[in-house]
1. Which one, A:V697, A:Q467, A:G674, is farthest towards the positive end of the dipole of chain A when Lys and Arg carry +1 and Asp and Glu -1 on their Cβ?
2. Only counting other Cβ atoms within 10 Å, I'd like B:M296, A:M752 sorted with the fewest neighbours first.
3. Counting only other chains, and only Cβ atoms inside 10 Å, what mean value do you get across the residues of B:180-188?
4. Give the peptides A:89-95, A:125-131 in descending order of average Cβ contacts within 10 Å, highest first.
5. Mind giving me the FRET efficiency for A:I589 and A:L444? R0 is 45 Å, r the Cβ-Cβ distance, nearest 0.05 is fine.
6. Shielding by partners for B:212-221, please: the mean number of other protein chain Cβ atoms within 10 Å of each residue's Cβ.
7. Reported to two decimal places, what Rg/Rh ratio describes chain A when computed on Cα atoms with Rh from the Kirkwood expression?
8. Just checking the output field for A:661-669: average partner chain Cβ neighbours within 10 Å of each residue's Cβ?
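Each reported figure results from applying straightforward, stated rules to the coordinates on display, with no laboratory input. Here the structure is a predicted model, which is why all the values come from computation and not from measurement. A quick note on method: Cβ atoms are made from the backbone with ideal geometry, for glycine too, and the neighbour counts reach across all protein chains shown.
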Amino acid sequence: MAARILAVFLLLFLSAAPLGSSLYEDQVGLMDWHQKYIGKVKHAVFHTQRSGRKRVVVSTEENVIASLDLRHGDIFWRRVLGANDVVDAIDVALGKFVITLSSDGSTIRAWNLPDGLMVWETFIRGSKSSKSLLLSGTNSKVDKDNTILAFGEGCLVAVSSADGEVLWKKDFADASFEVQQIIQSPGRDVVYVLGFVGSSSFDAYQINGKNGEVMHHDTASFAGGFSGNTLLVSDDVLVALDAAMSHLITISFQGGGLSINEKPISNLVGDFAGPVEILALKLGRMFALKANKLITFISISNDGKLDVLEKINSAAAISDALSVSDGRHAVGLVQQVDNKVEFTVKLGNDWNTNLLKETINMDHQRGFVRKVFINNYIRTDRSHGFRALVVMEDHSLLLVQQGEIVWGREDGLASILDVTTSELPVEKDGVSVSKVEQNLFEWLKGHILKLKGTLMLASPEDMVVIQGMRLKSSEKSKMTRDHNGFRKLLIVLTRGGKLFALHTGDGRIIWSRLLESLRKSEACEHPTGLRIYTWQVPHHHAMDENPSVLVVGRCQQNLDAPGILSFVDAYTGSEIKSVGPVHSVLQVIPLPFTDSTEQRLHLLIDAKQRVHLYPRSREALSIFQQERSNIYWYSVEADKSIIRGYAIKRTCVHEDAGDYCFEPRDLWSVVFPGKSEKIVSTVTQKLNEVVHTQAKVMAEQELMYKYISKNLLFVATASPKASHEIGSAIPDESFLVVYLIDTITGRILQRMTHQGCQAPVHAVFSENWVVYHYFNLRAHRYEMSVIEIYDQSRADNKDVLKLVVGKHNLTSPTSSYSRPEVVAKSQSYFFTHSVKAITVTLTAKGITSKQLLIGTISDQVLALDKRYLDPRRSLNPSQAEKEEGVIPLTDSLPIIPQSYVTHALKVEGLRGIVTVPAKLESTTLVFSYGVDIFFTRLAPSRTYDSLTEDFSYALLLITIVALIAAIFVTWVWSERKELQEKWR
Amino acid sequence: MSTFHSRRQQTAAREEKANAFLRRTRDEAMEKLNLLRLLLLGLAVVLVGLRPSTAFQSDELLVEDEEFGLEGSAADIPYARPSAPTPIRRRSSDPDSDSKIQFTLEHAFGDSDFSPAGTFSARLKTWNHGGQTLTKLRFSRNALTEAEKEPFQKLLQGDDFYRIRLPSDVLSPPGRDYIASSVKARCLPRDGLDEHFVIHMEGVKLLAVNYGAPGACPYPRQLKLPSKWAFNSHTVLKSSEQAQRTPIFTEEITVGENGEVGVAPPPERSFWAKYWMYLIPLGLIVMNAITQAMNMPEEQAGAQGQPGGGAAQRAPSSAVRRR
């Protein structure tokens, strides 16, 4: 390729470039894309009155508070709280503040509604953990400075909504008093605090809303005992379930004293089995009961009589009640009917008439409706209209109005569990000529524009056009494989059990599929996805087939729960087949063997350390049997601080699929002293990493051989005190020990203690080095250390003559059973940031120098050259070392602002960074995910093997033409001159 | 200051001191030592020769060469079952008390059960600050009995695993669990059966044992029966090494007279060093121009002054062209 030749020239220009590559402003968005999400919505508060912008404020399971545009679903603003700062409740106060209660009710914050700036923050310091409740008193008049009642950590606090000042505080310190409900009577300033004492006694406190004094205290006991939550039906009636879950208890508490009634549930819903749940409607004297896969709506008359109103299928979602006008309340119901969704709004006091009934066509890939929030508006004909915000099973958020989906957000992508990539299909030959001709003019125009841009002749409007052209250049979003390997499919598994395929060019969703096998079923109550693996990559034998991926899931959270396997076509997203629930899955080992249909052999290790081979075919088994004696694996028992190694013993005796199941045999074990060391981190190399050369040439023409083994495990242990939060241990009692363990023999190759250092440890292992990040208590700073290991047994192979003659041991197979002679070099550096994730760039051949990609606390990705983490850095490197590129020693690692991969953007809630090699050696693809997702392309040593995309080919052509013309002209001239000279 | 040192560091410092002392005295008493060594060796040989079971050889290699030396033959220690460790404590005038301790090596052939295969004995040193360390590790290996030779041969034929294990806590074996290691049996035979133990320890806790051949074990493993059915053991005790401290530099900041932090100006380069890239082409152009200017008058003079000569010159060239 001509571009490659030119690259040589380019290399000359770039050889003087500094470390770390950066981006120009107009290059943003050329090869990177960023998508903002919020996660699965938990609460939503509409804010549509008296404001120009219609908005909805939501809080999500990713601890995000966001204000969304109700018209388009765009994010006005959002705030991501920390991982431990779970939002319990949100509300809008005074029409201008968003009030949030978070961290188990210990933090109350007010955010400015238009821009999301925090206005004030108040902490409740109580004595015990409890339910957290928030009452912002929205029903009282807005104009007066209303107080917010918050309950958390066993305290009831009244907070002024204007400045967050605590007006009064009442501590319910009695340990056995479990507060269930807080009610503020709208007219009188009385607050009712209701709760259980023990399991069978019910207490009600009347508290003065002005000063927090207890006005009245009632107790009533109930022999049957209470279980679960209570539900407030109206201002004076509470509903609960008894301990046996067989009776419904109604408690009326106002009007002097408490009265408790019970009624068997079977009288209301008929015979039932299984769990019973009561659902709140916050609707006048009504509630719903979920039992027997049905939701039963029940009303309570004034004298405490219970009447069944309606029974519906439980695959429905019910909204909270909404006050419509003059004391009337409406409730929204969303039901699934076949492929359609039925949205009904009913009036509370007149159940039989529907205010609204709409049927919406819904993509069945979104699953069931999980939550619904309704909001009313006045139509043009002055009647009441309703819109609903619907949260689906796949965590997506939809706004439904007038029987249509106005907008939808794929917020499942905020909770990515695992990522893999797939190649796109190969381009078919034969591109139509007309297409080219049609585009020729456009192409020319584009190039003239680009030329103008290069020659700085372009007007600002032209620049906009150029930028737009660059952005939507069809080249990068094509659905075919490209020469450089930049275009790929990112296949992403989300917590909602949905699989997405994203195009790396522009981040659009190619297909999405809610996996049937990862949905709740009889056999599998709480399925969760775990990991995703490349299952089949058609190569030469099976070119016609589509590639496929393996999704591994688990039925429950606990480790020995049965596993689920699902095989999904990577081009269409269709589920080819699914297996499960099967044996438990602790570990999945992709083997480096494929069968004749290019299916990769996988070993699944279950909780009893038995090995299950997939695919279950005779051919796979025969391939496996050949390699059986060379298969080893290990398990890390972090709770017991033991690491064990295993090999295969024999086929399973008791298992049904006997041939494909193998029993383990213990080979080795490492028992860390449990009282003094606790495993905090284990890291291995990536299986797909390629190492280009084993030898490393040192400064003085010396040769070092990297100790390269795929079977190395990095383990970091910390003293038990040092494995908790920073600050909980003093330097003397905290230390960190790092190990490099060969997982075949259990041999400890390197063991090193860091005194006064502590967890969390983040590490990355690549080639022959490991870099890890931890906190140094003595220096009060974070540190990063590097260990590089070199093989001494090959160190003699320096003689060129020997190499030529072949008297060397470089080609002999290495065995883990040989006693390794390794040398480890280590060095530590200070690093300013704490780290959320750390990984290393991967390239196709491993020639390009490496960069560490560090997810910083500010949710950005920093690229740090590996050369900074070289154990050979010294204070005054010799001339030869300088030439080699050894950087003089500094005590801390530099953070160069230009080397942020995410430039000005933030990947909120960053959790992971994935690197994928492109076909072009210089380039690696980086995908980072958290609440947001971000993708870019990186060239750690610049693109030395290709021209940049904005390279002006036109200018090059013009130069060449001009040069050729000049050659001809001068040739003619010289000819003429020579002739003249000869005739002279 | 010493309170800020951890136990490990104190131990390390102590050992360092002892090492230094040893190094000093070692040179002085080298000859004496050699003599003593010879004597002791002779004694050991005699002892070995006297013992009824001559099959095992004990070898030791200690990392902490502080304690290097020969001391009481390991053979004298009675054989101990793993369930009954007998730490024999002995008082001494030293504030750091010592006591002897033993633990058993067990082995298994393939998937067979573990059976005793040898005894490690070590000295348990209790420092006055409460820390305990193991030193002077010695090992006595039981010879393979006839009944054990057969399964071992089977292992060799089947290229199967020879497994060993040690208790993870030597004071109360087996501790939480055994530490195990295994090797393909074909790696061991040379002349005899060469084995190499690396025992990683932390205080009195054994962390891991790495077992294998002392040298390489090339793959594919060849079947080779040992000529001598005796173990030739090497043992290394390893404890953790300290990581290098992060170097801390005090930044050298040059403070100017007016208090400003000034950056030292780069040394002034010579005129030539700065502008050579312009000067050379300029020079070339000038040279070119001069030569041209020199040629021009010459040519003109030649053309005017020697017309005949010019014609004479032209003739041969036309002749050449005609050819």
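1. Positive-most Cα among the choices belongs to A:V697.
2. Working: B:M296 10, A:M752 18.
Starting with the residue having the fewest Cβ neighbours, the order is B:M296, A:M752.
3. Values: counts 9, 8, 9, 5, 5, 0, 1, 4, 1.
Going residue by residue through B:180-188 and averaging, the value is 5.
4. Values: A:89-95: 19.3, A:125-131: 15.4.
Final packing ranking: A:89-95, A:125-131.
5. Details: r = 55 Å, r/R0 = 1.22.
After rounding to 0.05, the efficiency reads 0.25.
6. Values: counts 8, 4, 2, 4, 10, 5, 7, 8, 2, 2.
Rounded to a whole number, the mean comes out at 5.
7. Numbers: Rg = 33.6 Å, Rh = 32.9 Å.
When Rh is taken as the Kirkwood radius, the ratio is 1.02.
8. On the way: counts 0, 0, 0, 0, 6, 8, 6, 13, 9.
Mean partner-chain Cβ count within 10 Å for A:661-669: 5.
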